[in-house]
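Everything on this sheet refers to the single structure shown next.
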Amino acid sequence: MSNLPAIDYHVHLTGTFTIDDAVDLAKRRGMKFGIVEHPGQNSAIRTDDDLRAYIERLRQYPVYVGLQPIHLGWTSDFAPELIQQIDYVLMDADTVPLGDGTYLPIWRHDLFIDDMEAFLETYMDYIVQVLSTEPIQIFGRPTYLPINFARHHGEVWTRERMMQIIDLAQERNIALEIQENIRLPTVEFVELAKKAGCKFTFGTNARNQNAGNLGYCLEVARQAGLTEDDFFVVE
């Protein structure tokens, strides 16, 4: 992995991929993992007590302790002093609010959206909200598209749209995730973001033994000329 950080910041635990499994896998790969969990009323972390227990449990292991909120304003559910104990917050824009109390889960592979232009307007507005208002350190899955638009990635993600994300991330010192499982963002995006002074992280979004498998991430980093100085570091 040369001099690049051997860290996967986007690892989830499940009933069949436990913290012990994750620690063992990270050790075998010569890496460190960042564990993330979704906070909110439909998750396992709903209250201050839940968040405190989550932090205390993971602090017993050689992992970074992260959160991955999916809704705007999630911090109102938790005490600020608890949130400050988290190593980092990673948030993507994959659960798009529609303004009527409902959400569009664009990560679902069975989702079909008819009107691409109308969706993109709503989607870009939400991305701007996330990058402008949320207290996050990492923006996950940048330039992801619903599956039925994926073939239009090159025409959808114009330089103007990419720079809108990049400029907002740079302004607030938010790192941009290079993600393995969706093989995004592209080299072009990473090169533009590097030139703008953005930082990066690697992530797999894995819930199994694929955690830490960073083939695409490392290849993009190589092609874009990223060095150790281009990466986010937990303080």
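Read-outs throughout are calculated quantities, based only on the coordinates presented, and are distinct from any laboratory measurement. It should be emphasised that the depicted structure is a prediction, and the values quoted were computed from it without experimental measurement. A quick note on method: Cβ atoms are made from the backbone with ideal geometry, for glycine too, and the neighbour counts reach across all protein chains shown.
Residues checked against (1) of a type in the set (Ser, Thr, Tyr); (2) touching a Leu at 6+ places or on another chain (Cβ under 9 Å); (3) touching a residue at least 40 places away in the same chain (Cβ under 8 Å); (4) surrounded by 15 or more Cβ atoms within 10 Å (Cβ to Cβ):
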| site | (1), (2), (3), (4) |
| --- | --- |
| GLU160 | no, no, no, no |
| GLU171 | no, yes, no, no |
| PHE189 | no, yes, yes, yes |
| ASN205 | no, no, yes, yes |
| GLY212 | no, yes, yes, yes |
| GLU219 | no, no, no, no |
| THR227 | yes, yes, yes, no |
- Would you check if GLN68 is within 21 Å of ARG52 (Cβ to Cβ), under 15 Å from the mean Cα position of the chain (by Cα) and among the polar types (S, T, N, Q)? yes
- Task: Give the number of residues within the stretch 162-191 that are among the polar types (S, T, N, Q), within 20 Å of GLY225 (Cβ to Cβ) and either in contact with a Lys or Arg (Cβ under 8 Å, 6 or more places away or on another chain) or in a helix (DSSP H, G or I) (or both).
- Result: 2
- Query: Any residue at all in the stretch 210-233 that is within 24 Å of TYR126 (Cα to Cα) and of a type in the set (D, E, K, R)?
  - Reply: no
